[in-house]
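Q: Structure provided below as structure tokens; questions to follow.
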Amino acid sequence: MAGLRVIHAVSSLAIGGAERFVVDLAGIQRRQGLRASILNFSDATDPLCAEAEAAGIEVLTLGRGASMLSRLRKIVTHLRSGAPSALHIHSPWCLRALAPAFPLFSGAIVYTRHGAHAYDSLSWKIMHAWLHRFAPQVTFVSKEALDVYRRSYGAVRVPLHLLEFGVDTNVPKHVRRAGPRVRIGNVGRLVELKGQRHLLDAVARLDSTNVELHIFGDGPERVELEKKALEVLPGRLFLHGAVMDRNAIYEHIDVLAVASRMEGLSLVIMEAMAREIPVVATDVGGNRRLVIPSETGALVPYADSEAMAVALKLFVDDAGLADRLGQAARALIVKSHSLDAVSRNLQALYGTAR
């Protein structure tokens, strides 16, 4: 498979779990000898464009405001240039623009669903029925996403497979800061879905000056979080904004707290675990595939601030707990969610040209 050309299609290269995964995967594939590029349906100003290009990954940006005809011309030219290739689609929103080009593409088409949204309206069902004529199978990064697709689409003409993704495990292990203070961290868009308000309530319940909450990310919830923190967590909330350097993010976190209402297979959780950081997360989506209670972290119900506080307090009361669970967390990621292994598994799909 060395030298195979792989084109990854994404709706944007904004900062998000699926987008970061695609950039990381393309980087790993390049190191394995594949020619990986990214077809970005958004704009060249997307934050991860510069990161991808700095890693030597070719990015073709179509432009959010470009006409459908202009986009289609660029897509067809890109798909038909160079050696036989594989087209790996990572977002349903790319399908509408890519669909007319499917009959012109001789390589393998791989479609991956990262989230658990149903996309089950009549127009989406027609779109996916067209896709099924050209893609040999559909892959899913979490069992929840696979189950939702089966309920929404029933019996389909192509196989459906769970193909859990992973992260680069060649990363520095976390070094905890000396002293009694525990740094609880959260990474993600500041939106209602991510549940940061519930996390604020949970940390406030700990009633300990030895706890800090570090939140990385931006979004519409920021103003309300700042206002709420003045009331319930004065002087102990640090809003860092969007930080591109992931090592700089995780060096501020002793325990990762994920309070989301919905998750696929969380890239943030896997990144933290790869660095020996344990996780307290809501028991939703793919979280239970990664967070094993009393082994790699703890699971709590969504929106249950009291349960989240109880789980976090364990790390405040036991100074060595984060180290013990963090070691087991990294061992799980290395064994089951290495991005190198994921890339090799995908190469088998990329070879299924029509």
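What follows draws every value from the coordinates through simple rules; no lab data is involved. Please read all numbers here as calculations on a predicted model, not as lab measurements. When we count neighbours, we look across all protein chains shown, and the Cβ atoms used for this are built from the backbone with ideal geometry, even at glycine.
Q: Sticking with the crude label model, points 7 Å out along Cα→Cβ, report the distance from residue 93 to residue 127 in nm, one decimal please.
A: Going from the residue 93 label point to the residue 127 one covers 1.0 nm.
Q: For the range 301-354, just say rounded, prolate or oblate: build the C-alpha gyration tensor, square-root its eigenvalues into a ≥ b ≥ c, call rounded for a/c under 1.5, and beyond that prolate if a/b exceeds b/c, oblate if not. Before the final figure, lay out the partial values.
A: Working: a/c = 8.34, a/b = 2.27, b/c = 3.68.
Oblate, since a/c reaches 1.5 and b/c is not below a/b.
Q: Next question. Compute the signed sum of charges (Lys and Arg +1, Asp and Glu -1) over the other residues within less than 10 Å, Cβ to Cβ, of residue 187. Could you put the intermediate results ahead of the total?
A: Numbers: positive: 189, 194, 246; negative: 271.
Local charge sum for residue 187: +2.
Q: Quick one: compute the contact order of the chain, relative version, from alpha carbon pairs under 8 angstrom and 6+ residues apart, as a percent. Don't jump to the answer; show the numbers that get you there.
A: Values: 697 pairs, mean separation 57.5, N = 354.
Relative contact order of the chain: 16 percent.
Q: Now for a different question. To the nearest 0.05, what FRET efficiency results for residue 334 and residue 137 with a Förster distance of 35 Å applied to their C-beta separation?
A: Values: r = 27 Å, r/R0 = 0.78.
E between residue 334 and residue 137, to the nearest 0.05, is 0.80.
Q: Further question on the same structure: Starting from the Cα-Cα distance between residue 231 and residue 117, subtract it from 0.36 nm times their residue separation and give me the gain in nm to one decimal. The partial results should precede the final answer.
A: Working: separation 114, 0.36 × 114 = 41.04 nm, distance 3.48 nm.
Fully extending the segment from residue 231 to residue 117 adds 37.6 nm.
Q: While we're here: Among 301, 269, 321, whose Cα projects farthest towards the positive end of the dipole of the range 182-336, with charges put on the beta-carbon of Lys, Arg (+1) and Asp, Glu (-1)?
A: In the range 182-336, that residue is 269.
Q: Rounded, prolate or oblate: which fits the range 190-266 when a ≥ b ≥ c are the square roots of the eigenvalues of the alpha-carbon gyration tensor, with rounded for a/c under 1.5 and prolate only if a/b beats b/c? Intermediate values should be presented prior to the final figure.
A: Numbers: a/c = 1.41, a/b = 1.19, b/c = 1.18.
Note, shape of the range 190-266 comes out rounded.
Q: Quick check on my link table: of 143/194; 74/125; 173/228; 125/335, which ones sit more than 29 Å apart, alpha carbon to alpha carbon?
A: Details: 143/194 20 Å; 74/125 26 Å; 173/228 33 Å; 125/335 37 Å.
Checking Cα-Cα distances, 173/228; 125/335 exceed 29 Å.
Q: While we're looking at this one, here's another question. Contact order normalised by length for the range 197-255, with contacts defined as Cα pairs under 8 Å and 6 or more residues apart; what percent is it? Intermediate values should be presented prior to the final figure.
A: Values: 46 pairs, mean separation 24.9, N = 59.
Once divided by the residue count of the range 197-255, the mean separation gives 42 percent.
Q: Moving to a separate point now. With an 8 Å Cα cut-off and a minimum separation of 6 or more residues, compute the relative contact order for the range 182-336 in percent. Provide the component values of the computation, followed by the final result.
A: Values: 297 pairs, mean separation 38.5, N = 155.
Answer for the range 182-336 is 25 percent.
Q: Another question about this same structure. Testing the spin-label approximation: label points 7 Å from Cα along Cα→Cβ at residue 261 and residue 53. State their distance in nm.
A: 3.7
Q: Something else about it: Which angle between 0 and 90 degrees, to the nearest 10, do you get for helix 196-205 versus the longest principal axis of the chain when only C-alpha atoms count?
A: 20
Q: Using the Cβ atoms and a cut-off under 14 Å, what net charge is assigned to the surroundings of residue 71, where Lys and Arg are +1 and Asp and Glu are -1? Walk me through the numbers before you get to the answer.
A: Numbers: positive: 64, 73, 74, 96; negative: 43.
Within the 14 Å Cβ shell, the charges total +3.
Q: Now for a separate question. Starting from the 7 Å offset along Cα-to-Cβ, what nm value, one decimal, do you get for the label separation of residue 295 and residue 347?
A: Taking the two extended label points, one gets 3.0 nm.
Q: Counting other C-beta atoms within 10 Å, which of 338, 123, 260 has the fewest, and how do the rest follow?
A: 123, 338, 260
Q: Shape verdict for the chain, please, from the Cα gyration tensor: rounded (a/c under 1.5), prolate (a/b greater than b/c) or oblate.
A: It comes out prolate by the Cα gyration axes.
Q: While we're looking at this one, here's another question. Taking only Cα atoms and a 10 Å spring cutoff, compute GNM fluctuations for the chain and point out the largest among 319, 202, 116.
A: Its mean-square fluctuation being the largest, the pick is 319.
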